[in-house]
Amino acid sequence: MIAVIASLALAAAPLGPTALVKSIDAEGQKVIKTPDASDKVLAQRIDEVIDFSELSKRAMGANWAKLTRKQQDELGTTMRGLLKASYENKAMKDKEGKQPPTVEYGDETINGNEAVVNTALKVKPDTFAIIYKLYRADAKAGWRIYDVVTDEVSLVTTYQDQFKKQLADKGFDGLLTTLNSRRESLEKQNAELSEKKN
């Protein structure tokens, strides 16, 4: 009985940083390899492991504290919709006659509640360095991804630059409008790709 309880507790334990990244990669490989696999399944899985509010907070930098709680929630929700549509779009396009990439896992570094997982994505004949940055609220919480760095280009830094420009030019409401327009455009593309596939 004790052994059963111990095994259940172990199964319920949050995944470590590398294990979490591997689980996402496995879902992605499944979608690419299986013609009938739902791209929305991958998008849902991404929704579970990426903290869009944390990504938004870090991309906003000092401007985050200037937002009301409602605005912070709106930005997190908007980024969630945009990035889910973006990942779904990429997964659908990766299916189109491409060989599934090979992923190699490198070092994992944990510093308190922050972690970094180094990987290499091999798509013949090229190799791309991909670094996942994760955090957890505390030692008992599960790890979540807040940034992905591909060939030295950080998702957080990219949005940080865009946010600064949009806030300066159009204000917060203008920023949300721009992000939502991008999401709607991607969702339209996804619907068109899905129709072609069927």
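Structure above, values below:
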{"item": "Residue exposure sequence - VAL149, VAL21 - by fewest surrounding Cβ within 10 Å", "result": "VAL149, VAL21"}
{"item": "Cα point-scatterer Debye curve for the stretch 16-197, base-10 log of I(q)/I(0) at q = 0.11 Å⁻¹", "result": "-0.52"}
{"item": "Neighbour net charge for LEU67 - beta-carbon separation under 10 angstrom, K R +1, D E -1", "result": "+2"}
{"item": "Sorted by Cβ neighbour density within 10 Å, fewest at the top, the residues LYS22, LYS84, LYS70", "result": "LYS70, LYS22, LYS84"}
{"item": "Difference of contour (0.36 nm per residue) and Cα-Cα distance, LEU121 to LEU67", "result": "15.7 nm"}
{"item": "By average C-beta atoms within 10 angstrom, highest first, the peptides 115-121, 50-56, 180-186", "result": "50-56, 115-121, 180-186"}
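Here, each number is a calculation from the coordinates, and none is a lab measurement. Every value quoted in this text rests on a predicted model; they were computed, and no experiment measured them. Note: ideal-geometry Cβ built from the backbone for every residue, glycine included; neighbour counts use all protein chains shown.
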